[in-house]
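Please treat every number below as a calculation from the coordinates, not as lab data. Just so it is clear, the structure is predicted and the values come from calculations on it, not from any experiment. Positions of Cβ are generated from backbone atoms using ideal geometry, with glycine treated the same way; all protein chains shown enter the neighbour counts.
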Amino acid sequence: MPLIPHKQHHFDGVRLQLATGFDAEWIPAMWKECVTGTTQRTSRWQLPDEYGTAVFVKVYRRRPSHGLLRRLLPGRAQREGLGYIEFSNRGIDTIPLLAWGEERYWGLWERGVVVTKAVDAKTVEEEFSTSEDTELLFDTSEQLARIHGVGLSHGDPLVRNFLATRPVPTPFDLPSWSRLSRSSQRRDLIRFLGSIASLTGCLEMTADLLSRYSEQMAHLPQSEEDLLEEAQKYALEKKQT
């Protein structure tokens, strides 16, 4: 049974899953201000006073390149919400999920939304850029190993997609999550190590973080040398784009 109990809420073509403990009265106002009232991808929005918290609203919108088949399939918001649930089920703490779902007309996807609690923390990338706290990077490497250890892949584990929380960094931004496989483990490691290489500019630090990861995970998807080489290539490609 999911560790994030939830209920359905429908209005005007919108079908949302809403975490229990929250009523739906605030949903239309949030939708009007953060979804239809702006073109921003993410917005910070204050819940009614009785909840005493703010949220981040992440919006996925239909693009001209989205074909008919893609619009018939579940959107990224739906998948991301399921990712938060699956991570929670496996014992990995994430940003608290309040609501997620999508808007459809005649069965065709229009928009999707993921609403999470606003956590007062910088990303690992932001925190390291100001503090140069290397232990934070090692903690993030261990957290990635924990995610893999429970059979999951983050999908895009860049250091900007972890919050610098204690005692362990908190993963978020999960639309690309999947079950762990050799290929998804390899992709996660290349992206994580590549983001470390871009952040620190230090190959030795990148290698040390991979060693820390391998202390937690018995098997690597390929040799450390190959992973570090692929991570450097990834970092260079991202720098050039």
DSSP loop (so not H, G, I, E, B), at most 14 other Cβ within 10 Å: list which GluC sites (Glu not before Pro) in the range 1-83 pass both filters.
-> Glu25, Glu50
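Assuming R0 = 25 Å, what is the FRET efficiency of Arg90 and Asp226, from their Cβ-Cβ distance, to the nearest 0.05? The partial results should precede the final answer.
Working: r = 28 Å, r/R0 = 1.12.
Rounded to the nearest 0.05, the efficiency is 0.35.
Work out, step by step, the length gained on full extension between Leu203 and Val168: first 0.36 nm times the residue separation, then minus their alpha carbon distance; give nm to one decimal. Don't skip to the answer; put the middle values down first.
On the way: separation 35, 0.36 × 35 = 12.60 nm, distance 2.37 nm.
Taking 0.36 nm per residue and subtracting the Cα distance, the gain is 10.2 nm.
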Using the structure shown, select from Lys122/Lys239; Lys32/Lys239; Lys117/Lys233; Lys7/Lys117; Lys122/Lys238; Lys58/Lys233 the pairs with a Cα to Cα distance greater than 27 angstrom.
-> Lys32/Lys239; Lys117/Lys233; Lys58/Lys233
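Which order do Phe192, Phe56, Phe87, Phe11 fall in if you start with the one that has the fewest other Cβ atoms within 10 Å? List each step's numbers first, then the result.
Values: Phe192 27, Phe56 18, Phe87 23, Phe11 12.
Ranking Phe192, Phe56, Phe87, Phe11 by Cβ neighbours within 10 Å, fewest first, gives Phe11, Phe56, Phe87, Phe192.
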Please work out the C-alpha center-to-center distance from the range 161-231 to the range 10-57 and express it in whole Å.
-> 33
The summed charge of the Glu225 Cβ neighbourhood (under 15 Å; Lys/Arg +1, Asp/Glu -1) stands at -4
Asp49 and Phe11 label points (each 7 Å along its Cα→Cβ direction) are spaced in nm at 2.1
Counting pairs of alpha carbon atoms under 8 Å apart in space and at least six apart in sequence, what relative contact order in percent does the range 6-117 give?
-> 29
Residue-span extension gain [Arg70 to Ala145] - 0.36 nm each, minus C-alpha spacing | 23.8 nm
Please give the net charge around Thr130, taking every other residue with its beta carbon less than 15 angstrom from that of Thr130, where Lys and Arg add +1 and Asp and Glu add -1.
-> -4
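In the neighborhood of Thr206, defined by Cβ-to-Cβ distances under 13 Å, what is the net charge if each Lys or Arg adds +1 and each Asp or Glu adds -1?
Once all neighbours under 13 Å are counted, the net charge is -3.
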Phi to ³J(HN,Hα) by Karplus 6.51 cos²θ - 1.76 cosθ + 1.60 over the range 54-70, Hz, x for Gly, Pro | 9, 10, 9, 10, 9, 10, 9, 10, 5, 10, x, 6, 6, x, 4, 4, 4
Cα-based Rg (one decimal) and Dmax (whole number) for the chain, in Å?
-> 18.9, 54
Packing-based exposure ordering (other Cβ within 10 Å, fewest first) of Leu209, Leu158 = Leu158, Leu209
Would you kindly compute the Cα radius of gyration of the range 124-240 and its largest Cα-Cα separation (Dmax), both in Å?
-> 12.7, 35
Taking 0.36 nm per residue of separation and subtracting the Cα-Cα distance, what length does fully extending Gln40 through Gln240 add?
-> 69.5 nm
Per the 1/(1 + (r/R0)^6) rule, R0 = 35 Å and r from the Cβ atoms of Arg61 and Arg179, FRET efficiency to 0.05 is 0.80
So what is the relative contact order for the chain, in percent, with contacts set as C-alpha pairs under 8 Å and at least six apart?
-> 16
